[in-house]
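The values are calculated or read from the model by the stated rules, or taken from the named source; none is laboratory data. All figures in this text were calculated on a predicted structure; none of them were measured in a lab. All Cβ positions, glycine included, derive from the backbone under ideal geometry; neighbour counts span all protein chains shown. Side chains are part of the model used for accessible areas, which takes the heavy atoms of the whole protein and leaves out ligands, DNA and RNA. Shrake-Rupley method; radii C 1.70, N 1.55, O 1.52, S 1.80 Å.
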Amino acid sequence: MSYIKGNYTKTIFESNTGYLVGLFKVLETDDEVDFTGKTITFTGYFHELNNIDTYIFYGKIVHHDKYGEQFQVDHYERSKPVEKDAIIEFLTSGLFKGIGEKKAKAIVDVLGKDTLKVILESPNNLILIPGISQSNINVLHSKLKEYEESYEVILYLTEMGFSTKDSMILYHKYKKQTRKIIEDNIYQIIDEVPDFYFKKIDMIALRNGVLKDDFIRIQAATLYVMREVSNTYGHCYYSYDEMFLLLPRVLGCEITEDCFKEVLASLEKDLKIVICDDKYYLSEMYEAETFIVKRFRYLSRKKEKDVLLVDESLHQLEEYLEVQYSPTQLEAIEKSYCKDLLIITGGPGTGKTTILRGILELYRMMRHYSFTDLLDKVALLAPTGRAAKRMSEATNFKASTIHRFLKWQKETNRFQVNEYHKSNVEFIIVDEASMIDTLLMNHLLKGISSNCKIVLVGDDHQLPSVGPGQVLRDVIQCGKLDVVELKDLYRQGNDSNIITLAYDIRNKSISKDIFNEEEDLTFISCDDSLVGNKIQEISRTYQDLSFRDYQILIPMYKGLNGIDEVNKKVQAIYNPVSSNKDSIKIGDFTISVGDKVIQLTNLPDDNVYNGDIGIVEEINTSKKEVFIHYDENIVKYTPSTFHQFRLAYAISIHKSQGSEFDVVVIPIVKGYRKMLYQRLIYTAVTRTKQKLYLIGDFEAFKYACYNCNEDTRRTTIQEYFINGIK
């Protein structure tokens with residue numbers, strides 16, 4: 001590790017977590033770095049830098065495409081002034097108000113090289129120095145102590161076991177209160193600072209003397225268990241018994257029921273949880289469910305707009321768009337204007353996406369808006385980037401992901417559009433609404449006016465959201481809101497075997513006769529061990545098809561026919577590793593230029609979102625950089641962000657939601673048994689536009705189609721609509 005010594009001169013960029021890019025005047029370096037006398041760019045995490053001190057930065061030289069060579073700082077230290085002249089310069093720097101050169105010189109003449117030590121440890125000794133007042137002493141002591149304190153806090157945190165980066169983030173958050181907060185309740189960090197999770201904090205807490213059965217640890221573990229149950233099973237509330245049984249696994253020790261009850265009472269008192277009718281909610285989940293119900297109930301009770309005027313405009317709409325809608329489609333378009341809340345549902349091919357343009361145009365006509373007006377008044381939203389793009393293509397109007405509309409900030413995990421800073425749109429249309437979880441729906445509703453019109457479009461027979469809840473299904477099944485169900489088939493024609501299969505799955509009426517009769521639907525029966533070979537054969541057939549039009553969908557990642565193994569097999573067909581192109585090893589995979597990959601996290605700053613599919617355009621092997629081309633832009637990845645993407649020749653069915661592909665291949669084997677259930681298979685089948693291959697065991701396929709026993713999500717939105725909020 002190299003070092004540079006010198007002075008900080010300027011900040012180029014600084015985040016609120018302490019990450020900084022700046023300029024540094026180098027006075028001294030080691031033999032490996034020859035920057036003496038130069039001003040260079042540096043990057044790293046810092047809690048405080050000033051133009052007065054001399055610093056020593058430890059790290060390495062890296063190359064940035066835009067900014068060139070930079071010194072990447074791993075850690076640093078401040079070089080304190082020790083010579084008399086340096087101390088005088090330091091005291092007159094402006095840091096100590098009221099201390100000019102004359103007073104500074106008087107202090108140093110008396111105290112010498114121990115000046116700073118005396119000011120910190122025995123400040124009252126300064127009263128004997130001519131011209132120094134008590135006010136001067138107070139300023140000198142308090143400022144110097146404050147100056148030293150930040151370094152002590154960082155040292156304290158790193159000695160506890162926090163990384164330098166985490167220590168900087170914590171100090172920036174809590175400042176002088178950092179040590180007190182850590183000592184009082186280290187676990188409160190989990191709720192207050194993004195990316196500080198229970199397991200990380202718990203490990204540090206135990207290492208520093210917190211007992212396994214400490215009350216605050218049990219509190220934190222209880223909240224952790226509730227969040228884990230939510231994220232794993234999608235529940236919005238929990239039972240006493242399941243929490244009490246799971247806690248010992250997390251704590252590593254047994255606790256009494258009396259202790260647990262005391263913990264629950266304490267969490268309820270602190271507004272961390274809500275207990276209602278033997279249901280235990282995280283407060284944010286209870287508030288989200290109740291807020292959704294209140295807002296939807298309010299919108300559903302608002303007075304309808306004039307239906308007669310709308311009827312007249314519907315004929316003009318059909319003439320303008322040169323389309324003839326079915327009676328049910330016209331009903332949906334009409335109600336989208338007359339009602340302030342409408343839910344439009346239907347299976348594949350029923351024209352849900354098709355009528356979006358009609359809804360948008362009718363609203364423009366009725367409000368006498370120009371197309372420019374619509375940009376400010378209406379928002380088309382979807383949970384994923386691919387779904388938003390499909391929306392935009394169907395309507396010729398811009399569409400956005402919900403996260404982008406709400407201006408989600410990755411660093412803080414907060415939405416900038418919220419209850420305090422609302423959007424001014426007056427109408428939102430949300431497609432693929434089955435994918436919206438309870439918390440996201442809550443954030444969306446809080447980010448818009450209480451009078452903003454809402455149309456939700458989606459198929460509640462598809463998989464529920466990845467996050468907790470099943471909002472679309474609950475609001476449809478409650479029977480208290482306006483719902484239009486589209487049933488007539490349009491996509492691929494009424495004779496589409498793919499559409500017929502989708503409805504057969506919903507109706508639990510599966511026959512082998514539907515397969516292999518027409519070109520659009522094929523079932524290939526084979527042993528589990530041959531599934532991979534069959535997928536390779538099919539993949540060779542479609543090598544010339546666009547990477548966005550051919551997709552393999554699989555329920556599981558691991559196993560002989562899991563996503564990971566199939567990706568390797570198909571990569572060998574589409575883009576085999578070769579010495580003729582740049583490649584890089586990432587975990588168990590080798591990624592090459594030309595590989596198809598999928599984004600696994602949201603990157604709003606790069607306009608790339610979870611589920612977006614791209615192509616590896618460039619790999620810089622010497623710098624370990626990967627450049628991936630998505631629909632609209634190119635994103636650079638470095639080793640610290642390689643975990644954010646993976647091969648995408650085969651992807652999970654969950655990740656395919658919101659997307660459609662011309663050709664889809666779905667292996668179905670008994671080895672997937674724990675993931676074989678109706679909604680999963682239905683969702684996979686309905687991603688197909690033209691040609692569907694099913695490969696494997698027909699009995700396993702039938703089992704999946706008849707199996708409706710997937711874990712039922714525990715939610716209360718439907719109950720609140722029917723029985724009221726308690």
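Once you've got the Cα coordinates, tell me which of Lys508/Lys558; Lys10/Lys103; Lys25/Lys102; Lys272/Lys352 are over 31 Å apart.
Beyond 31 Å between Cα atoms: Lys272/Lys352.
Surface composition of the range 249-375: carbon and sulfur atoms hold 49% of the protein heavy-atom accessible area at a 1.4 Å probe. Stretched out straight at 0.36 nm per residue, the stretch from Glu159 to Asn607 would grow longer than its current Cα-Cα span by 157.4 nm. Cross-linked pairs Lys97/Lys407; Lys568/Lys655; Lys165/Lys212; Lys117/Lys200; Lys335/Lys410; Lys302/Lys446: Cα-Cα separations exceed 30 Å for Lys97/Lys407; Lys117/Lys200; Lys335/Lys410. Taking other residues whose beta carbon is less than 10 angstrom from the beta carbon of Val471, and scoring Lys, Arg as +1 and Asp, Glu as -1, yields -3. Taking the convex hull of the alpha carbon positions in the range 620-726 and averaging its projected area over all directions gives 11.9 nm².
Per residue, the accessible area of the chain comes to 46 Å², computed with a 1.4 Å probe over protein heavy atoms only. Accessible surface of the range 598-726, 1.4 Å probe: 44 percent of it comes from carbon and sulfur atoms. Kirkwood-type hydrodynamic radius, the range 553-667: 14.5 Å, calculated from all non-identical alpha-carbon pairs. Between amide H atoms placed 1.01 Å from N, distances below 5 Å from Leu486 occur with Thr345, Gly346, all of them 5 or more places distant or on a separate chain.
Mean sequence separation of contacting Cα pairs (under 8 Å, at least six apart), scaled by the length of the chain, corresponds to a relative contact order of 9 percent. Surface composition of the range 79-224: carbon and sulfur atoms hold 52% of the protein heavy-atom accessible area at a 1.4 Å probe.
Among 324-331, 434-441, sorting by the average number of other beta carbon atoms lying within 10 angstrom of each residue, highest first, gives 434-441, 324-331.
Considering all C-alpha pairs of the range 304-463, those separated by over 18 Å amount to 58%. Largest accessible area first, the residues Tyr550, Tyr677 order themselves as Tyr677, Tyr550 under a 1.4 Å probe with ligands, DNA and RNA left out.
Treating each Cα of the range 467-570 as an identical point scatterer and summing with the Debye formula, the log10 of I(q)/I(0) at q = 0.13, 0.17, 0.20 Å⁻¹ comes to -0.77, -1.10, -1.21. Building the convex hull from the alpha-carbon atoms of the range 191-242 and averaging its projection over directions returns 4.4 nm². Using the average count of surrounding beta-carbon atoms within 10 Å as a protection proxy, the listed peptides 12-19, 171-178 rank, highest first, as 171-178, 12-19.
If you take the alpha carbon atoms of the range 405-527 and fit the smallest convex hull around them, that volume is 185 Å³ per residue.
Among the GluC sites (Glu not before Pro) within the range 210-277, those in coil by DSSP and having at most 16 neighbouring Cβ atoms inside 10 Å are Glu254. Counted residue by residue at 0.36 nm each, then reduced by the alpha carbon distance between them, the extension gain from Gln543 to Asp191 reaches 121.9 nm.
The DSSP beta bridges internal to the chain are antiparallel in roughly 60% of cases. Counting Lys and Arg as +1 and Asp and Glu as -1 over every other residue whose Cβ lies under 14 Å from the Cβ of Ile292, the net charge comes to -1.
Extents of the range 263-394, taken as max minus min of Cα coordinates on every principal axis and listed largest first, are 65, 35, 31 Å. Rg and Dmax over the alpha-carbon atoms of the range 535-605 stand at 13.1, 40 Å. Computed with the Debye formula from one identical point scatterer per Cα of the chain, without solvent, the log10 of I(q)/I(0) at q = 0.05, 0.07 Å⁻¹ comes to -0.34, -0.65. Restricting the range 537-624 to GluC sites (Glu not before Pro) that sit in a DSSP loop and have at most 11 other Cβ atoms within 10 Å of their own Cβ leaves nothing.
Of the chymotrypsin sites (Phe, Trp or Tyr not before Pro) found in the range 332-426, those in coil by DSSP whose Cβ has at most 12 other Cβ atoms within 10 Å are Tyr420.
At a probe size of 1.4 Å, how large is the accessible area of Asp373, to the nearest 10 Å²? That residue has around 60 Å² of solvent-accessible surface. Taking other residues whose beta carbon is less than 9 angstrom from the beta carbon of Phe415, and scoring Lys, Arg as +1 and Asp, Glu as -1, yields +3.
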